[in-house]
Amino acid sequence: YEITYGDWSSDVCSSDLQSWFDAGEYARSRDAYQRRVQLKGWEQEAYYAQLRVALCEARLGAPDAQVVHALLQAHQMRPTRAEALYELARHHRERKQWDLGALFAEAACAIPYPTQDVLFVHRDVHEFRALEEFAICAFYTARWRDGLKACQRLLGMQLPAADRARIEQHLSFYRGKK
């Protein structure tokens, strides 16, 4: 299928790409998102497409360097958004690269909610998920006291019940740390 900017929203739209992603058709979704990134037009849409390229690459088992590069490209496209940095933090945490995870999570936490953006802004990333990634990663680093403070700060927020319960578990691990 051919994608051009003129037919983007009629023939192949964002919901099609998301449906392919949700169905586990990561290669098909990645290829279409890559085409979208190359098109001119709305910067927010191109950013989100690049972020999705990176997530598809990760799910397809691409080498770490390729996934990290794709996430860094997304961040470069829209440095006012925290999602790519959050995904970098999560990526490194999953590989037990605690210091890198903490670094990217902390950078994501420093980005205020982008009130001017309207497309696929993940409010939870800006409000608490990046801080939670920092709390998890910091536990395994010399900055564990900062991670403990992050957990305490998180528990002072209004959070969905499942998220609160998970963060309370994080805090219990910190309480056992000497």
Within segment 19-124, DSSP-loop trypsin sites (Lys or Arg not before Pro) with at most 12 other C-beta atoms within 10 Å are K40, R95, K96
Per the helix-only calculation at 222 nm, which mean residue ellipticity applies to the chain, given -39500 (n - 2.57) for every DSSP H run of n ≥ 4 and division by its residues, nearest 500 deg cm²/dmol? -20000 deg cm²/dmol
Ignoring any ligand, DNA or RNA, what whole percent of the accessible area of segment 64-178 comes from carbon and sulfur when the probe is 1.4 angstrom? 53 percent
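So if each residue of separation counts as 0.36 nm, and I subtract the Cα-Cα distance between R153 and A65, what length gain in nm does that give? Provide the component values of the computation, followed by the final result.
Numbers: separation 88, 0.36 × 88 = 31.68 nm, distance 3.28 nm.
Net length gain for the segment: 28.4 nm.
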Of L131, T80, V53, whose Cα points farthest to the positive end of the dipole of segment 30-151 (charges on the beta-carbon: +1 Lys, Arg; -1 Asp, Glu; origin at the Cα centre)? V53
Quick check for you: with a 1.4 Å probe and neighbouring chains kept, what is the accessible area per residue of the chain, in Å²? 53 Å²
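As an exercise, take the mean of 1/r over every pair of distinct alpha carbons in segment 50-99, invert it, and state the Kirkwood radius in angstroms.
Numbers: mean 1/r = 0.0938 Å⁻¹.
About 10.7 Å, per the Kirkwood formula over Cα pairs.
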Please report, for the Cα atoms of the chain, the Rg to one decimal and the Dmax as a whole number; what are they, in angstrom? 17.5, 60
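The values are calculated or read from the model by the stated rules, or taken from the named source; none is laboratory data. These figures come from a predicted structure and were not determined experimentally. Cβ coordinates were reconstructed from backbone atoms using ideal geometry, including for glycine residues, and neighbour counts include every protein chain displayed. These accessible areas exclude ligands, DNA and RNA; they are computed on the full protein's heavy atoms, side chains included. Shrake-Rupley method; radii C 1.70, N 1.55, O 1.52, S 1.80 Å.
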